[in-house]
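Asker: Let me begin by handing over the structure; questions about it come next.
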Amino acid sequence: MNSKKVRQTFIDFFIKKGHKEVASSSLVPINDSTLLFTNAGMIQFKDIFLGSEKTNLSRATSSQKCIRAGGKHNDLENVGYTLRHHTFFEMLGNFSFGDYFKEEAIEFAWELLTKEYKIPEEKLWVTVHINDKESERIWLEKIGISKDRISRLDEDNFWSMGDTGPCGPCSEIFYDHGSDFEGVPPEEGQESGDRYIEIYNLVFMQFERNQDGKMKDLPKPSVDTGMGLERITALLQGTNDNYKTDLFAPLIKNIAKKIGTNDLTDPSLRVIADHLRSSCFLLADGVSIGNEGRSYVLRRIIRRALRHAYKINPEADSILSQLANGLIADLKDTFPELSKQSEIIKSSLEEEERQFIITLRQGMKILEDELLNLSGDEISGDLAFMLYDTYGFPLDMTLDLAREKSLSVDLKQYETLMEDQRFRAKKYSGFDSLIPSSINIQKSSNFIGYEEVSSESSILGIFQNGEEVENAQEGNFVFIFDKTPFYAESGGQVGDIGSLRSAQGSGDILDTKKIGDHFLHVIEVTKGFFSNQDKVFLEIDTEQKKENYF
Ligand code: GLY
């Protein structure tokens, strides 16, 4: 069954079962600053699940474009290493908004898989949440699956869209590709190898998780499901390698031809194919290439693809912009946005390739030469830092290459050097003494930096030398705001810097740190004053923001 038919069969089945077909939403979540990208079919329905959007819709079905790169669901680093991970993929889904619940969701899934897709029952395994006796009973009694083909898992069977939002226990269906492949039936916290592959996730949406991590009941129990088109297509085309399906094989052939290799099994071809798809779809949905939030993830994806093209052929040039034409032509019927935005897609890729190619070649040459003399299995932080600092060669590239060669990178040393550099750049003046040791503010800061580089915010707290105060005049302070676009220092990424102003005062934001749910802005008040509860305008200095990694 070709992939178009697989997609259509799913949609038609659920239309037959009373669902309305809903078009895929954009990869950029609309009105949702908590999320980097649309990472599941349910995202466009989030407010319906939460009860804040009223609708007559009770059942829906869709094939949703998704990106899983950065944020909670991140597969970027897996691409190339497995046969099934993608940064861009399509998620088929059926949804119930306070209509059917566990029983019908499970029955629909079983009927679709075994009757429409004609998958032999004995190839299917299921998982349920350890406390979800009802789902287990339905699988046993209604479906008749045997007890030894049900795994009971805990956290692995609890699905959340992000740190906050709708969530609930889930029941997953796995396909057994047979004893030719290595792997074990689903177990808590275990990758099940290449043999047992998860194909369909039925999420029983029951809760909303808030910023403080507490969960409350949703107004109506609902159903959210997800089935990766690429995986189910692979299965129905008799392979467990998504890259061998009609969704990828022709693309991989084109890439190999363009780069000049006959080895179609080279994992770098998978990386380029996957990353080319995500880049084209992100550009089509209006994401530009840059150094902030989504734009930076897009840049990382493109550069990772370019490094893999270099790996196959160091002379390869403008590969992505040239390959984009074929991809757009192949997919334009299903995704008209690609041809509508084809000029932007091609010119953006071309510009990024032009800018990055010299850095890439220079950096790779130095790194490869250094690796020839490497003793031990660790790349020094010095080398990684020198490559970044002197040649602009991103740490991402060094890390990716290191992983490929089973080497590690001394990140601690790299971070120390980065910190020293920031120390010099910011004329560091002992911010640590400004940071409060505890914060007695109930409301947490809402981070909106995936969407915005500026915001109108209110001051929730002012600290001087670690003590809470009511006002701030010229000098150094720490401010907490109700919402902020400023990214806080974490895991190697430096905190944002910028400015703030209000009717009475202005100042610079010298650094951003995080304690618990609070974003702490190190402020130098340069003019006037600020008081607790003041409304202020915050703006990130995007020029100064350095290229970081997550
Ligand atoms: N929303 C269900 C899933 O992503 O698996």
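Asker: Which pairs, out of 443/514; 65/332; 244/346; 65/340, put more than 20 Å between their alpha-carbon atoms? Write out the running numbers ahead of the final one.
Answerer: Working: 443/514 14 Å; 65/332 14 Å; 244/346 26 Å; 65/340 17 Å.
Long pairs (Cα-Cα over 20 Å): 244/346.
Asker: What does the net charge come to around residue 462 if you take all other residues with beta carbon closer than 11 Å to its beta carbon, with K and R at +1 and D and E at -1?
Answerer: Cβ neighbours under 11 Å give a net charge of -4.
Asker: Could you pull out the trypsin sites (Lys or Arg not before Pro) across the range 40-96 that fall in loop regions by DSSP (anything but H, G, I, E, B) with no more than 12 other Cβ atoms inside 10 Å?
Answerer: Working: sites: 46, 54, 59, 65, 68, 72, 84; in loops: 54, 68, 72, 84.
Passing sites in the range 40-96 are 54.
Asker: Convert each backbone phi in the range 302-311 into a coupling constant with the Karplus relation 6.51 cos²θ - 1.76 cosθ + 1.60 (shift: θ = phi - 60°), then list the ³J(HN,Hα) values in order as whole Hz, x for Gly and Pro.
Answerer: For the range 302-311, the Karplus-derived couplings read 4, 5, 5, 4, 5, 5, 6, 5, 4, 4 Hz, x marking Gly and Pro.
Asker: Relative contact order of the range 22-63, please, whole-number percent, based on alpha carbon pairs below 8 angstrom and at least 6 residues apart.
Answerer: Rounded, it is 44 percent for the range 22-63.
Asker: Would you mind calculating the gained length between residue 465 and residue 406 on full extension (0.36 nm times residue separation, minus the Cα-Cα distance), in nm to one decimal?
Answerer: Details: separation 59, 0.36 × 59 = 21.24 nm, distance 4.55 nm.
Using 0.36 nm per residue and subtracting the Cα-Cα distance, I get 16.7 nm.
Asker: Sticking with this structure for a sec: Strictly over 27 Å apart at the Cα level, which of 118/142; 123/253; 102/147; 46/102 would you flag in this model? Kindly include the intermediate steps, with their values, before the conclusion.
Answerer: Details: 118/142 19 Å; 123/253 31 Å; 102/147 18 Å; 46/102 19 Å.
Flagged as over cut-off: 123/253.
Asker: Are there GluC sites (Glu not before Pro) in the range 281-374 that DSSP marks as loop and that have at most 14 other Cβ atoms within 10 Å, and which are they?
Answerer: Sites meeting the loop and neighbour criteria: 315.
Asker: Counting other C-beta atoms within 10 Å, and keeping those with at most 13, which DSSP coil trypsin sites (Lys or Arg not before Pro) do you find in the range 206-288? Walk me through the intermediate numbers first.
Answerer: Values: sites: 209, 214, 216, 231, 244, 253, 257, 258, 270, 277; in loops: 214.
Here the trypsin sites (Lys or Arg not before Pro) that fit, given the DSSP loop and packing criteria, are 214.
Asker: Okay, next question. By the scheme Lys and Arg +1, Asp and Glu -1, what is the net charge of all other residues having a beta-carbon under 13 Å from that of residue 411?
Answerer: Working: positive: 403, 412; negative: 378, 382, 396, 410, 415, 419.
Around residue 411, the charge tally is -4.
Asker: Can you compute the helix-only [θ] at 222 nm over the chain? Use -39500 (n - 2.57) per DSSP H run of at least 4 residues, normalise by all residues, nearest 500 deg cm²/dmol. Mind showing how you got there, number by number?
Answerer: Working: 14 runs with 176 residues, N = 550.
Dividing the helical sum by the residues of the chain leaves -10000 deg cm²/dmol.
Asker: Given H placed 1.01 Å from N in the peptide plane, which residues other than close sequence neighbours of residue 520 have an amide H under 5 Å from its amide H?
Answerer: Amide H to amide H, under 5 Å and 5 or more residues apart or across chains, residue 520 pairs with 513, 514, 515.
Asker: Lys and Arg at +1, Asp and Glu at -1: add these up for the other residues within a Cβ distance under 14 Å of residue 104 and post the number. Don't skip to the end; give the middle numbers.
Answerer: Values: positive: 16, 17, 59, 102, 142; negative: 99, 103, 107, 111, 134, 224.
Local charge sum for residue 104: -1.
Asker: Right, another one. Given contacts defined as C-alpha pairs under 8 Å and at least six residues apart, what's the relative contact order of the range 236-282, whole-number percent?
Answerer: Numbers: 20 pairs, mean separation 13.6, N = 47.
After rounding, I find 29 percent.
Asker: Could you tell me the relative contact order of the range 115-161? Use alpha-carbon pairs under 8 Å, at least six residues apart, and round to a whole percent. Don't skip to the end; give the middle numbers.
Answerer: Details: 34 pairs, mean separation 21.9, N = 47.
Contact order relative to length: 47 percent.
Asker: Using a simple spin-label model with points 7 Å from Cα along the Cα→Cβ vector, what separation in nm is obtained for residue 249 and residue 57?
Answerer: 3.5 nm
Asker: While we're here: Need the full-extension length gain, residue 50 to residue 416, defined as separation in residues times 0.36 nm minus the C-alpha distance. One decimal, nm.
Answerer: Working it through step by step, the gained length comes to 127.4 nm.
Read-outs throughout are calculated quantities, based only on the coordinates presented, and are distinct from any laboratory measurement. Keep in mind that this is a model prediction, so the values were computed, not measured. Every residue, glycine as well, gets a Cβ built from its backbone with ideal geometry; the counts of neighbours run over all protein chains shown.
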